[in-house]
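Student: First, the structure itself, so that you have it in front of you.
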Amino acid sequence: MSQIINRSLSKEFLKIINEIIDYIIANDKFVVTSHINPDGDNIGSSRAMCGFLKKLGKQVVYILDDPYPSDLEFLYDKVDIDKSKSSNIKSLAGYKVIAQDSGSYERICMDKDLLETSDGIICIDHHHTNGDYGFIKYIDTRASSTCELVYNIIKTYEDRFEDIIDYDIATCLYTGLVTDTGNFQYSNTEPSSYLMAADLVTRGADKNLVIEKIFQSKSLAYYKVLGQVLDNMEIIEGKISLATVSKKMLDENNINYDDIDAITPYTRDIDGVELGIFIKEKEIGEIKVSLRSKSYVDCTKLAQVFGGGGHVRASGLTIRDKSLDEARDMLRQEAVKFI
């Protein structure tokens, strides 16, 4: 029933999905990876794909060179995460890479030498800035999340063969769906998203655990940084908000860079503000920026000015070799052109 209603499963996408399933069945060795700076959709889709492949008896290596955010550590169980430098995948002759949720080849979170020595890349993604890499490409820019695409793959496999989704896979997929839709608040939430959520919960997804860990378990240090961010937020022409976190603030509060992403929506969720900009100094000379908009600013276009990308309502970029103040000035100057 869900496949009839789910708009993602057009004839074109069903053909691609079945091509991926047939290729997986015909091969034995896979490496699963995703994008740099991992998030819920990144990790949820990768963990679910690893679980799916293992249930089919495949050899699977999960590579992610960047660290997990602390609020996603509950997904650590039942998975071994390799780093490119420590991985022994070169001994798996003929391995194929499944790269998920990565909007460009450059953002894939593993060593490019390992990508080049693979037997090819299957790309599964929903970013409309995707560079169209991979010999098999399942790219649906209207999908809520990459987890929704992995769900479509597994559900189609189940329709052809046998049930696969268990508690673990369901919880991983639900995590990515919830985080990429902002707990079903964002404009990328489609009817198919609710259908997927209902099916996953019915099949064991621990929605209470996901909500508690993602939305209800922030550290005191996080709230201290949040307070400083809000105190120093700049509003431009009533339409743009700029918020900044320095490396010094992170160090003084003993909090990791990866644990402050949840502050990003606060920049957008102000009455009258259309565009929120969250500027984070990961290291001296390395500035990470998250962009969020409500209704008409295309965040990808602003991000692309600085070599970034993402989604229309949520994008990111990196500015290197600039101070925090310089990066802020550059973003302020460009952002006003979009209002």
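The values are calculated or read from the model by the stated rules, or taken from the named source; none is laboratory data. Note that the structure is predicted; figures quoted are calculated from it, not measured. Remember, those area values only see protein heavy atoms, side chains included, never the ligands or the DNA or RNA. Shrake-Rupley method; radii C 1.70, N 1.55, O 1.52, S 1.80 Å.
Student: Please give the per residue accessible area of the range 7-215, computed with a probe of 1.4 Å over protein heavy atoms only, in Å².
Tutor: Accessible area per residue: 40 Å².
Student: With every protein chain left in place, what is the accessible area per residue of the range 220-336 in square angstrom, probe 1.4 Å?
Tutor: With the other protein chains kept in place, the range 220-336 gives 46 Å² per residue.
Student: Where a Cα-Cα gap under 24 Å defines reach, which lysines qualify for LYS207, not counting those fewer than 8 residues away within the same chain?
Tutor: LYS54, LYS55, LYS78, LYS155, LYS218
Student: Given that compact globular proteins tend to follow 2.2 N^0.38 Å, what is the ratio of the alpha-carbon Rg of the range 220-336 to that value?
Tutor: 0.97
Student: Run the accessible area of the chain with a 1.4 Å probe and give the carbon-and-sulfur part as a rounded percent.
Tutor: The C+S portion of the solvent-accessible surface of the chain is 47 percent.
Student: Separate question: Under the Karplus relation 6.51 cos²θ - 1.76 cosθ + 1.60, θ = phi - 60°, what is the ordered set of whole-Hz ³J(HN,Hα) values for the range 298-305, x standing for Gly and Pro?
Tutor: 8, 4, 5, 5, 5, 4, 5, 4
Student: Moving on. Apply the Karplus parameterisation 6.51 cos²θ - 1.76 cosθ + 1.60, with θ equal to phi minus 60°, to every residue of the range 22-29 and state each ³J(HN,Hα) to the nearest whole Hz, in sequence, with x for glycine and proline.
Tutor: Running phi through 6.51 cos²θ - 1.76 cosθ + 1.60 with θ = phi - 60° gives 4, 5, 4, 4, 7, 10, 10, 10 Hz.
Student: Using a 1.4 angstrom probe and counting only protein chains, how large is the accessible area of GLU237 in Å², to 10?
Tutor: Around 140 Å² of this residue is reachable by solvent.
Student: Another question, if that's okay. By a straight-distance test (C-alpha under 17 Å), which lysines pair with LYS322 as possible cross-link partners, with residues fewer than eight away in the same chain excluded?
Tutor: Those lysines meeting the cut-off are LYS247, LYS248, LYS280, LYS282, LYS288.
Student: Can you give me the convex hull volume of the Cα atoms of the range 7-215, divided per residue and expressed in Å³?
Tutor: For the range 7-215, the hull spanned by Cα atoms encloses 109 Å³ per residue.
Student: Follow-up question, since we're still on this one. If amide hydrogens are placed 1.01 Å from N in the peptide plane, which non-local residues have theirs closer than 5 Å to the one on VAL32?
Tutor: VAL61, TYR62, ILE63, ILE98
Student: How far is the Cα center of the range 102-164 from the Cα center of the range 215-265, in Å?
Tutor: That distance is 32 Å.
Student: What list of ³J(HN,Hα) couplings, whole Hz, do you get for the range 261-277 from phi and the Karplus terms 6.51, -1.76, 1.60, once you set θ to phi - 60° and write x for glycine and proline?
Tutor: 4, 5, 6, 3, x, 4, 5, 8, 7, 10, 4, x, 7, 9, 10, x, 10
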